[in-house]
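A.B. asks: Okay, handing you the structure first.
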Amino acid sequence: MKKPISIKSPATIVIALCLAYFLATFSCSKVQHFELSRFVGPDTCGGCHGEIYEQWKNSMHNLAHVDGLYRAAAFHYLQGLTNADELAEAESCVKCHTPVGFFSGFPRKVSQERDNPEKIPEIGKRGIQCDFCHSVTGAYAIYNCQFKLDPGHGEANPGTKRGPFKDSESDFHKSEFSEFHTSSEMCGVCHDVRHTVFGTKLENTYGEWSKGPYNSTDPAKRVTCQGCHMYHRPGVPATGSTPRPKNPGAAADGGPRREHIYTHYFVGGNRTLPSMHGDTVKSKMAEERLKHAAELVIDGSKLREGKIVVTVKNTGAGHYLPTGLTDVRQMWLEVVVKDPSGKTLLSSGVADRQGYLPAGSIVFNTVFGDGKGNRVDNIAKAREVLRDRRVPPLGSLEEIYTLPGRASASVTVKARLLYMSASQELVDKLLGTGKLRLPVTVMAEAGKKITL
Ligand code: HEC
Ligand code: HEC
Ligand code: HEC
Ligand code: HEC
Ligand code: HEC
């Protein structure tokens, strides 16, 4: 027989208290607030961590908030929205793009920074910075910037900075070993973006990594985000297909010599943004990185049937190729097939003078939908993933090209895998035609003469 649960029973009280505690903690995680004065600016950290500061300066993390493409996209997405769920998403960008601003109270929403730019604190404009990452103690969930934070109390009492060392000492701050900082989850809290209401996976880099071969239990095969990206330095792309040698040195001016210092360039595929801020080192590094991510293989064995098969292999990235903002990034195959007289038999993915791709080009990307099968370009409206065709880590994708007309006895095939941070159409739409021409990076190329 069931006993009726009395409101006064100790079990109910315990459950009620647990629930209250859980709700308080959970809702705190959503509306955490830390006084701005608690954060120490990056220039202060740079005073002792000079080398790390120079690496981080003009990185995508440093520029996350002033990034013109981000700002244009954020303000553009907000236009004309009336649905509350869509608005909630469009307002949410600031938590990752200016985390110090967000957690200290301004801007909490995109519209606030659009309408009152003068109120954005200077430190908020410095993007994803030293004292934000090194005040992290863990996370409530590994997506949408749900960090647990414990910043200090300004320069007079900067509190504890967490990092990879167990024996680190500084006169300025307390130091503490943090396993979290050595894990991919530290990156995943931001590099996994879900629609705040619909839950649609908008960016899934961490998820891709965690389900992929680099998240291996075998220490010889396991590579974290840091294992590639924080080994990267000029001349050392440190990808899955290149060596990732240690970077010996000191973490602070006058600090002890250590066998590896994690680098802070945070370079992915973006060449444009750092170079717009005068940093050619990072744009060169991005190019080097992209050139060590993939391989192309041309298979001519089906020429008799009039078919050419081009395989794209992801040899270097720890996640899908491309990853992150895959509705915006443009990674595509350019394939040109000619007969012995030089006549073009097939041409696919050849951009026009404006930099626009012809219809039917093979682009590896994600397309979002409105829940009824119609394409949407505004992520605030993304209720579903309509299409996701990208190359998995250490995996490959095949594209079959069919030659028109009768098969030629001999052909030459040229294939290139090309990358742009965004399609030129989108850049022209957001910034105005002729304002910015994005560079095209050749990630891989292959050529073959095939004779029957
Ligand atoms: C007065 C100099 C000084 C300043 C200013 C300073 N640090 Fe340090 N920091 C050090 C020294 C010295 C070490 C020890 C280096 C070592 O152990 O190799 C250190 C170590 C660290 C570590 C490693 C901790 C660990 O246990 O792994 C982190 C992270 C760190 N600092 C972050 C910061 C941040 C963030 C700031 C700015 C808020 C900052 N530091 C400002 C001198 C300084
Ligand atoms: C996006 C987050 C992030 C930002 C921004 C960041 N760091 Fe780090 N930092 C890390 C992580 C993660 C590690 C440890 C990596 C590991 O152990 O795998 C680290 C390591 C360190 C260390 C230990 C030495 C080393 O490099 O291995 C110091 C010191 C440090 N950071 C200082 C700084 C300073 C100073 C800045 C600003 C100029 C900064 N960090 C910006 C995430 C960040
Ligand atoms: C607070 C949120 C946050 C954290 C934590 C974070 N990132 Fe980022 N990261 C971003 C944002 C936002 C951008 C894009 C900035 C922009 O728009 O310019 C970015 C950009 C990057 C890029 C450059 C991408 C490109 O297109 O070139 C790389 C690489 C990167 N992050 C790696 C990491 C790694 C590795 C870690 C963990 C050590 C990490 N991030 C932690 C938010 C974060
Ligand atoms: C095995 C090495 C490796 C590992 C592990 C790895 N990456 Fe990458 N990453 C790459 C390479 C190579 C590229 C350049 C190709 C590209 O843009 O996808 C890249 C690109 C990126 C970009 C830019 C993507 C774009 O085109 O806009 C981001 C952001 C990024 N990585 C974040 C991460 C995060 C976060 C993790 C961990 C969850 C991680 N990476 C793990 C090798 C790696
Ligand atoms: C949970 C964290 C998070 C949120 C929220 C977020 N972003 Fe980002 N954003 C990122 C990360 C991580 C990257 C880097 C990914 C990459 O390079 O592929 C990024 C990159 C971008 C870029 C590319 C910048 C460049 O120069 O290449 C744009 C544009 C952007 N975000 C716009 C937005 C807009 C608009 C919103 C709000 C609707 C938003 N983001 C919300 C984490 C976030």
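Every number here is computed from the coordinates shown, using simple stated rules; none is lab data. Since we're looking at a predicted model, the values are computed, not measured. Ideal geometry is used to build each Cβ from the backbone, glycine not excepted, and the neighbour counts take in all protein chains shown.
A.B. asks: Within 10 Å of each residue's Cβ, count the other Cβ atoms and sort Ile308, Ile123 from fewest upward.
C.D. replies: Listing Ile308, Ile123 from fewest to most nearby Cβ atoms yields Ile123, Ile308.
A.B. asks: Expressed as a rounded percentage, what relative contact order does region 212-312 have, with Cα pairs under 8 Å and six or more residues apart?
C.D. replies: 19
A.B. asks: Mind listing P(r) for region 41-120? All alpha-carbon pairs, 5 Å bins, whole percents.
C.D. replies: Reading the bins upward from 0: 3, 14, 21, 22, 16, 10, 6, 4, 2, 1.
A.B. asks: Given labels modelled 7 Å from the Cα in the Cβ direction, how far is it in nm from Lys211 to Ser361?
C.D. replies: The answer from the label model is 2.8 nm.
A.B. asks: Continuing with this model, one more query. Across region 336-452, how large is the tail of the calculated P(r) beyond 17 Å, expressed as a percent of all Cα pairs? Spell out each step's value before the answer.
C.D. replies: Values: 4610 of 6786 pairs.
Percent of Cα pairs beyond 17 Å in region 336-452: 68.
A.B. asks: Right, next: Ranked highest first by the average count of other Cβ atoms within 10 Å around their residues, in what order do 219-227, 184-192 fall?
C.D. replies: Put in order of decreasing packing, that is 184-192, 219-227.
A.B. asks: What does DSSP give for region 33-285 in terms of the percent of beta bridges that are antiparallel, rounded to the nearest 5?
C.D. replies: About 65 percent, rounded to the nearest 5.
A.B. asks: With 28 Å as the cut-off, how large is the P(r) tail for the chain, expressed as percent of Cα-Cα pairs? Don't skip to the answer; put the middle values down first.
C.D. replies: Numbers: 57706 of 101926 pairs.
In whole percent, the long-distance tail amounts to 57.
A.B. asks: Given points 7 Å out from each Cα along the Cα-Cβ axis, report the Phe172 to Glu259 separation in nanometres with one decimal.
C.D. replies: My value for the distance between the label points is 2.8 nm.
A.B. asks: Would you calculate, for the chain, the mean residue ellipticity at 222 nm contributed by helices, counting each DSSP H stretch of 4 or more residues as -39,500 (n - 2.57) and dividing by all residues, to the nearest 500?
C.D. replies: Calculated at 222 nm, the ellipticity per residue is -6500 deg cm²/dmol.
A.B. asks: Among the listed pairs Lys313/Lys414; Lys211/Lys291; Lys161/Lys221, give every one whose C-alpha distance is greater than 20 Å.
C.D. replies: Lys211/Lys291; Lys161/Lys221
A.B. asks: While we're looking at this one, here's another question. Could you sort the peptides 127-136, 293-302 by per-residue average Cβ neighbour count (10 Å cutoff), highest mean leading?
C.D. replies: Answer by packing, highest mean first, reads 127-136, 293-302.
A.B. asks: Looking at the chain only, what percent of DSSP beta bridges run antiparallel? Nearest 5 please.
C.D. replies: Among the beta bridges of the chain, antiparallel pairing accounts for roughly 95 percent.
A.B. asks: Apply the membrane-span-like helix rule to the chain: whole DSSP H runs, Cα extent along the own long axis of at least 18 Å, mean Kyte-Doolittle hydropathy at least -0.5. List the helices found.
C.D. replies: Helices meeting the criterion: 10-31.
A.B. asks: Then there is this: In percent, how large is the relative contact order of region 293-451, given Cα pairs closer than 8 Å and 6 or more residues apart?
C.D. replies: In percent, rounded to a whole number, it is 31.
A.B. asks: Take every Cα pair under 8 Å in the chain that's 6+ residues apart, average their separations, divide by the length, and report that relative contact order as a whole percent.
C.D. replies: 13 percent.
A.B. asks: Between Ala409 and Lys449, what is the label-point separation in nm under the 7 Å Cα-to-beta-carbon projection?
C.D. replies: Each label point is offset 7 Å from its Cα along the Cβ direction, giving 1.5 nm.
A.B. asks: How large is Rg over Rh for region 33-285, taking Rg from the Cα atoms and Rh as the Kirkwood inverse mean of 1/r across Cα pairs?
C.D. replies: 0.95
A.B. asks: Here's a follow-up. Could you work out the local net charge near Thr137, counting Lys and Arg as +1, Asp and Glu as -1, over the other residues with Cβ closer than 15 Å to its Cβ? Intermediate values should be presented prior to the final figure.
C.D. replies: On the way: positive: Arg38, Lys148, Lys161, Arg162, Lys174; negative: Asp131, Asp150, Glu176, Glu179, Glu185.
After counting each charged neighbour, the total is 0.
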